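What follows is a set of notes on a single structure, which appears directly below.
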Amino acid sequence: MGIRKNIPILIVDDYKTMLRIIRNLLKQIGFENIDEATDASAALALLRERDYELIISDWNMEPMTGLDLLRAVRDDDRMKGTPFIMVTAESKPENVVEAKRAGVSNYIVKPFNAETLKAKLASVLAA
Amino acid sequence: MQSTETQRSLCPDRLQRTISRLEDDGGALDKALADEIAALAKELRLSMRELRQTDPTRIGAEFIPTATDELDAIVEVTAKATGTILDACEDIDSATAALGVGPERAAVEAATARIYAACGFQDLTGQRIAKVVDTLRRIDRRVNAVCKAFGLEPEGECADAGDDMARDQSLLNGPSLPDEAMTQNEVDKVLAKKDREAD
């Protein structure tokens with residue numbers, strides 16, 4: 001993967017175990033500059049403080065969902081171009097369509113494997 | 001003890017008194033209709049007696065809290081176990097870093113990557129259990145409503161599951177059943193189709 005591995009990445013999920021899993025998988029690929037948020041509001045606060053080059057987020061969070069976060073990111077002039085990958089158990093076609101409509105860069109359904117994550121990262125970061 | 005509201009709406013004795021008043025009213029009420037209403041009153045009385053005997057107030061006060069506590073315990077235990085597995089994998093990854101770049105390290109990292117991804121089960125089981133708990137709480141609310149309608153005051157209710165998310169509620173379904181869920185390939189096709197439509 002011919003991509004800069006030191007890019008700052010924000011991962012968002014209300015399950016700490018999933019944050020840990022994604023962090024470890026990213027680390028194996030070579031990405032180590034990773035921040036975490038356990039809810040979308042905290043993620044938005046981090047996004048307003050720092051420039052991230054990739055966001056990986058769950059959808060089903062409360063009170064603000066990953067879809068709300070995506071819309072907030074795309075509505076903000078400073079961060080609207082940030083690649084955003086949704087990683088979620090929501091797997092109905094209408095979910096994918098709605099996320100795409102909101103501007104998602106790519107969409108991974110849980111459960112996923114390391115190869116899928118790597119492929120989606122390559123696709124998003126090379127674009 | 002029956003509430004006033006219940007007496008107005010469901011009391012079979014009131015039905016019987018109504019029938020008697022109508023019959024006394026110079027025989028104005030059709031006999032067949034009166035018999036039908038009397039049969040309904042009898043049926044209602046029987047249903048209320050049976051309902052009291054099942055003690056439905058225990059559903060909200062005891063059965064559902066027990067079930068939700070057990071399910072919460074499952075989530076807690078699986079989270080702990082998953083944490084232990086991740087600890088071990090992280091230790092393995094740290095140890096393999098000392099091997100330097102090579103096929104042995106690549107093989108070990110591939111194996112730990114499979115374990116990391118598999119540990120995602122804990123997230124999905126947690127979401128499925130949350131759906132079950134939500135269903136139990138809906139059942140509890142319905143049972144409480146029936147108890148109140150029949151004048152059986154519940155001893156306790158489950159804590160409200162909270163308001164559903166205000167936005168995009170219909171999109172929040174959690175993990176689908178295996179034969180209903182889209183595969184990653186199917187998701188990719190939907191995304192590609194939307195990209196073509198946008199071009």
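Key figures for this structure:
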{"item": "Within straight-line cross-link reach of B:Lys189, lysines at Cα separation under 22 Å, skipping those fewer than 8 residues along the same chain", "result": "A:Lys92, A:Lys100, A:Lys110, A:Lys118, A:Lys120"}
{"item": "Accessible surface, per residue, of chain A when the full set of protein chains is kept, probe 1.4 Å, Å²", "result": "40 Å²"}
{"item": "5 angstrom amide H check on A:Phe84, placed H, neighbours 5+ away", "result": "A:Ile55, A:Ser105, A:Asn106"}
{"item": "Interface burial for B against A (accessible surface, 1.4 Å probe, total of both chains, Å², rounded to 100)", "result": "3300 Å²"}
{"item": "Distance (nanometres) between label positions extended 7 Å along Cα→Cβ at A:Thr38 and B:Thr66", "result": "3.2 nm"}
{"item": "Value of Rg to Rh for segment A:47-93 (Rh from inverse mean 1/r over Cα pairs, i.e. Kirkwood)", "result": "0.98"}
{"item": "Residues B:Val146 and B:Leu40, FRET efficiency given R0 of 25 Å [Cβ-Cβ distance, rounded to 0.05]", "result": "0.90"}
{"item": "In nm, spacing of pseudo-spin labels at A:Ala122 and B:Ala81 (7 Å Cα→C-beta vector)", "result": "3.5 nm"}
{"item": "Whole-number percent relative contact order across chain A, with pairs defined as alpha carbons under 8 Å at least 6 apart", "result": "23 percent"}
{"item": "Accessible area of chain A belonging to carbon and sulfur atoms, whole % at 1.4 Å probe", "result": "46 percent"}
{"item": "Candidate aspartates and glutamates for bridging to B:Lys194, where Cα separation is under 19 Å - those fewer than 8 sequence places away on the same chain excluded", "result": "A:Glu90, A:Glu94, A:Glu98, B:Glu186"}
{"item": "List of segment A:76-115 residues, accessible area with partners at least 40 Å² below that of the chain alone (1.4 Å probe)", "result": "A:Ala89, A:Glu90, A:Ser91, A:Lys92, A:Val96, A:Val97, A:Lys100, A:Val109"}
{"item": "Hz values of 3J(HN,Hα) by residue in segment A:58-68 - Karplus curve (6.51, -1.76, 1.60), Gly and Pro given as x", "result": "6, 9, 7, 10, 10, x, 9, 8, x, 5, 4"}
{"item": "Segment B:Ala97-B:Glu180, extension gain: residue separation times 0.36 nm, minus the distance between their alpha carbons", "result": "25.8 nm"}
{"item": "Calculated FRET value between A:Glu53 and B:Lys193, using beta carbons and R₀ = 41 Å, to 0.05", "result": "0.90"}
{"item": "Calculated from backbone phi, Karplus (6.51, -1.76, 1.60) coupling profile of segment B:103-109 in Hz, x at Gly/Pro", "result": "x, 5, 5, 4, 5, 5, 5"}
{"item": "Cα-based equivalent ellipsoid, the protein assembly as shown: semi-axes from gyration tensor eigenvalues, Å", "result": "57, 23, 16"}
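The values are calculated or read from the model by the stated rules, or taken from the named source; none is laboratory data. Computed from a prediction, not measured in an experiment: that's the story for all the values here. Here the Cβ is made from the backbone with ideal geometry for all residues, glycine too, and neighbour counts use every protein chain on show. Just the protein is used for accessible areas: all its heavy atoms, side chains included, with ligands, DNA and RNA removed. Shrake-Rupley method; radii C 1.70, N 1.55, O 1.52, S 1.80 Å.
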